[in-house]
1. Express the C-alpha Rg of the chain as a ratio against the empirical globular expectation 2.2 N^0.38 Å, rounded to two decimals.
2. Where in the range 26-48 does the label zone of residue 16 land, with the point 7 angstrom along Cα→C-beta and an amide N cut-off under 11 Å?
3. How far, in degrees from 0 to 90, does helix 3-22 lean away from the longest principal axis of the Cα atoms of the chain, to the nearest 10?
4. Once every DSSP H run of n ≥ 4 in the chain is given -39500 (n - 2.57) and the sum is divided by its residues, what mean residue ellipticity at 222 nm do you get, rounded to the nearest 500 deg cm²/dmol?
5. Pop the C-beta distance of residue 2 and residue 45 into the FRET formula with R0 = 22 Å and round what comes out to the nearest 0.05.
6. Please state the relative contact order of the chain as a whole percent: Cα pairs under 8 Å, 6+ residues apart?
7. How far, in degrees from 0 to 90, does helix 31-59 lean away from the longest principal axis of the Cα atoms of the chain, to the nearest 10?
8. Once you place label points 7 Å from the Cα toward the Cβ at residue 29 and residue 56, how far apart are they in nm?
Amino acid sequence: MEDAQIVQRIDELVEEEHRLERSHTDEPLDAEGLARLRHVEAQLDQAWDLLRRRRARRAAGGDP
């Protein structure tokens, strides 16, 4: 997976996270929505971590 693909996935996850957050402005998320939001947040954390590790390896002269 290339960095550009990771960034694209991050963008998609951020959009979904924002959509879920906006969808419950007046009322709390139901159990399914809350579970999906937590899952998206976890995926987002993993994607950012992967991107940071790849960039650090590249900066250190290694293979990402």
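1. Values: Rg = 14.9 Å, N = 64, 2.2 N^0.38 = 10.7 Å.
After normalising by residue count via 2.2 N^0.38 Å, the value is 1.40.
2. 36-44
3. 20
4. Numbers: 2 runs with 49 residues, N = 64.
Roughly -27000 deg cm²/dmol at 222 nm, from the helical runs in the chain.
5. Values: r = 20 Å, r/R0 = 0.91.
Computed FRET efficiency for residue 2 and residue 45: 0.65.
6. Values: 28 pairs, mean separation 25.2, N = 64.
Relative contact order for the chain comes out at 39 percent.
7. 10
8. For residue 29 paired with residue 56, the spin-label model returns 2.8 nm.
Every read-out reported here was derived from the displayed coordinates using simple, explicitly stated rules and does not represent laboratory data. Quantities reported herein were computed from a predicted structural model and do not represent experimental measurements. We place every Cβ from the backbone using ideal geometry, glycine too, and count neighbours over all the protein chains shown.
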